[in-house]
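Throughout, read-outs are computed from the coordinates displayed, never taken from laboratory work. No experiment lies behind these values; they were computed from the predicted model shown. Reconstructed Cβ throughout: ideal geometry from the backbone, glycine too, with neighbour counts over all protein chains shown.
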């Protein structure tokens, strides 16, 4: 029991992922969560699942956390490509949040050699999404 509480206490700090929020042109809010990758996501998910639903929640939360941690960080080459392209920003005016889809009529640009991702320059932010779900995976 002591070990469980010690692990729970240590890992609970992982649940408090840093969040950066800012307002641009008083219209668009960008919320960016850093999940820290697969390992941290698995640990955080397992701890949260165990607290809420016991041993079964531990397993389910660990798997879910690993998936979230893995899907959030695109490769460095994607960042390099997206941040070096010269394009005009498009007015979007809605919240952009990592892990959530971008709504509306947005023209997505392809990333060479990375068909899994698309990107757009929305309200001064370079937004990378999963090409199938249009869920935001990174904002630069």
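Could you look through the stretch 71-115, keep only residues that are assigned to a loop (DSSP other than H, G, I, E, B) and free of Cβ contacts under 8 Å to residues at least 12 places away in the same chain, and pick out the one that is nearest to residue 135 (Cα to Cα)?
Looking at residues that are assigned to a loop (DSSP other than H, G, I, E, B) and free of Cβ contacts under 8 Å to residues at least 12 places away in the same chain, I get 103.
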Scan the stretch 95-122 residue by residue and report those that are surrounded by 20 or more Cβ atoms within 10 Å (Cβ to Cβ) and over 16 Å from residue 78 (Cβ atoms).
96, 122
